[in-house]
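Right, one structure below, let's go through it.
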Amino acid sequence: VEHFMISEKEKELVSIIEPEEKRLTEREAWVESEKERIRQEEIKAENDRIQMRIDALANFGYQIDYADLKSMSDDTFTQYLNAAEVKHNQEQEEKAAAEQLRKEQEAKEKQEREAEQKRINDERAELQRLREESAKAQKIIDENNARIKKEQDEKEAAIQVEEKRIAEEKA
């Protein structure tokens, strides 16, 4: 009988404690899930922070080891980012200067080619003018030669007529 009473008392006490245990177990599970949720948020926040750093450096065409980037303090990262920006700006200025120099060189070469082409065209025009003048002079020479030949032929013909007349007179 005493055992039965102890058992009944145990059941009574368990029925009193059990709802509280259940509530505490649920509360403990909730606390654990909140801890996990907070841990996941911290992981996400850290990943976002690292990704922001990666993106910020990538804007300047710069890369760094993930582990170094993760362990770097904010101040060190800011210095690193500023140095990357300065270097990037210098590279951009150098590229712009090189591009400007290339364009100037191209313009100079184009100008030289155009000047050379103009010189060639001028020489061709001068050569053509000289050929035309030479052709005119040759035409005048040919006309003079033809006139002289005609005069000579006429003189020879006159001489032959005169020689014939003299020969006839002698005969």
* Asked: Restricting attention to segment 16-45, which residues are open to solvent by less than 100 Å² (accessible area, probe 1.4 Å) and hydrophobic (A, V, I, L, M, F, W, C)?
  -> Ile17, Leu24, Ala29, Val31, Ile38, Ile43, Ala45
* To do: Give the number of residues within segment 46-67 that are open to solvent by 50 Å² or more (accessible area, probe 1.4 Å) and assigned to a loop (DSSP other than H, G, I, E, B).
  => 5
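One line per residue, one yes/no per condition, for (1) modelled with pLDDT of 90 or more; (2) hydroxyl-bearing (Ser, Thr, Tyr); (3) in contact with an Asp or Glu (Cβ under 9 Å, 6 or more places away or on another chain):
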position: His3; (1), (2), (3): no, no, no
position: Lys11; (1), (2), (3): no, no, no
position: Ser33; (1), (2), (3): yes, yes, no
position: Arg39; (1), (2), (3): yes, no, no
position: Arg53; (1), (2), (3): yes, no, no
position: Phe60; (1), (2), (3): no, no, yes
position: Val86; (1), (2), (3): yes, no, no
position: Asn89; (1), (2), (3): yes, no, no
* If a residue has to be surrounded by 10 or more Cβ atoms within 10 Å (Cβ to Cβ), within 30 Å of Glu46 (Cβ to Cβ) and not polar (S, T, N, Q) to count, how many in segment 75-112 make the cut? -> 9
* Restricting the first residue to segment 3-31 and requiring it to be at negative phi, which pairs with a second residue that is not aliphatic (A, V, I, L, M) meet a Cβ separation below 7 Å and a spacing of at least six or different chains? -> none
* Asked: Taking segment 32-54, which residues are among the β-branched types (Val, Ile, Thr) and in contact (Cβ under 8 Å) with a residue 12 or more places away in the chain?
  -> Ile50, Ile54
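The values are calculated or read from the model by the stated rules, or taken from the named source; none is laboratory data. It should be emphasised that the depicted structure is a prediction, and the values quoted were computed from it without experimental measurement. Reconstructed Cβ throughout: ideal geometry from the backbone, glycine too, with neighbour counts over all protein chains shown. What goes into the accessible areas is simple: the full protein's heavy atoms, side chains included, and nothing from ligands, DNA or RNA. Shrake-Rupley method; radii C 1.70, N 1.55, O 1.52, S 1.80 Å.
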